[in-house]
Amino acid sequence: MTHGDFRTELGKARGLGAARSGARHFWLQRVTAFANVPLFIFFIGLIISLSDKDYAQIHAIFANPFIVLIVALILLSGIYHMKLGMQVIIEDYVHGNGWRVFILALNIFCSVFLAAASALALVKIMLGG
Amino acid sequence: MAVATPPVEEKIQPYRPSSPRPKSPHVTIYRWPITMAMSIAHRATGAALYAGTVLLVIYLAALAMGEQSFHYVQAVYQSLIGQFILFLYSLAFVYHMVGGIRHLFWDVRPGLMEKHCATKTAWATIGISLIVTIFIWFVACTFF
Ligand code: HEM
């Protein structure tokens, strides 16, 4: 990774930052933010187009593999970005080792749960359930 | 022979002045510049979008669970309070997206962070977010 590697030479050699992984976190936050722009513009259009559809039509739209692919990418990029962003907020405001570790872990659990639940829903809809 | 004990970590004491000493002005005494309010709003909307994602996943899960649960969720989302929350969600979303693009420009052109320029783009972000959000609801309500 040459582009987007903001670390100093020493930092690269050691592979650790002050927070062990800060540069990578920063980079992934930007990459997902960048990816989010076209993905979520598509998504807003999709949601708008759903407002006059009934259950069967909406189900059919979300069963289309192309839509599933894009919605999966939206959820992947969006939820990962969200997880990274919330981590920064927690690191800024939550102090005290035990509490902080607990909330940081909770953030990971929530993000993974949301990702897994939506993936399961998409697969079920696509397979006609 | 005594076993070497590991060094005791020195406890860092919080700073507690014993006498009131002059302090430099802290953020609370300033009138908020728009750029500062924007920065806070970007964070607040980021956190709000976390909750929005939960709404989104509930919607998808309900769709997967069948017609009955979907209609139930749809009824809640289409109620007055539901629509109000969805409106705020969309506003937070568009604001965070436009502000996020502003952030990404800063990453490649740090010069844009200069105070007068940042103040202009701050107002532009607010204006664009409002227009885009209202446009989205206008299109959704009139054409669909
Ligand atoms: C749609 C396009 C989006 C763009 C362009 C975008 C852009 C950004 C950028 C550039 C940052 C870093 C700001 C900073 O370093 O201060 C950020 C932070 C954040 N974003 Fe997004 N974002 C988007 C969508 C989302 C979504 C969908 C969520 C949540 C579901 C989200 C949640 C967050 C959170 C929690 C933060 C951390 C805020 C902070 O540290 O102050 N973002 N976003």
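The values are calculated or read from the model by the stated rules, or taken from the named source; none is laboratory data. Everything quoted here is computed from the prediction, not taken from an experiment. Every residue, glycine among them, receives a Cβ derived from its backbone with ideal geometry; neighbour counts consider all protein chains shown. Heads up: the accessible areas ignore ligands, DNA and RNA and are worked out on the full protein's heavy atoms, side chains in. Shrake-Rupley method; radii C 1.70, N 1.55, O 1.52, S 1.80 Å.
Of the residues B:K23, B:K115, the one with the largest accessible area comes first in the ranking B:K23, B:K115, computed with a 1.4 Å probe on protein heavy atoms. Sequentially through the range B:86-95, phi angles give Karplus couplings (6.51, -1.76, 1.60; θ = phi - 60°) of 5, 5, 4, 4, 5, 5, 4, 5, 5, 4 Hz, Gly and Pro residues having no value and appearing as x. Remark: mean inter-chain Cβ contacts per residue of B:89-97 equal 2, using a 10 Å Cβ-Cβ cutoff to other protein chain atoms.
Potential lengthening of the chain between B:C141 and B:A75 amounts to 22.1 nm, from the contour at 0.36 nm per residue minus the alpha-carbon distance. Taking the square roots of 5 times each eigenvalue of the Cα gyration tensor of the range A:9-126, largest first, gives ellipsoid semi-axes of 35, 17, 12 Å.
Computed from the C-beta positions of A:L120 and B:A47 and an R0 of 30 Å, the FRET efficiency is 0.75 to the nearest 0.05. Remark: accessible area buried at the B-A interface is about 2900 Å², both chains counted, probe radius 1.4 Å.
On alpha-carbon atoms, Rg over Rh for the protein assembly as shown using Kirkwood Rh? In the protein assembly as shown, Rg relative to Rh is 1.05.
On the accessible surface of the protein assembly as shown, probed at 1.4 Å, how many percent belong to carbon and sulfur atoms?
The nonpolar share, carbon plus sulfur, comes to 72 percent.
This model, with +1 at the C-beta of Lys and Arg and -1 at the C-beta of Asp and Glu, gives the protein assembly as shown a dipole about its Cα centre of some 920 debye. In terms of accessible area, using a 1.4 Å probe and ignoring ligands and nucleic acids, A:E9, A:E91, B:E67 rank largest first as A:E9, B:E67, A:E91. Just counting partner chain Cβ atoms within 10 Å, what average do the residues of peptide B:61-68 show around their Cβ? Rounded to a whole number, the mean comes out at 6.
The alpha carbon centroids of the range A:31-46 and the range A:85-129 are separated by 20 Å. Averaged over the residues of peptide A:37-47, the number of Cβ atoms from other protein chains lying within 10 Å of each residue's Cβ is 3.
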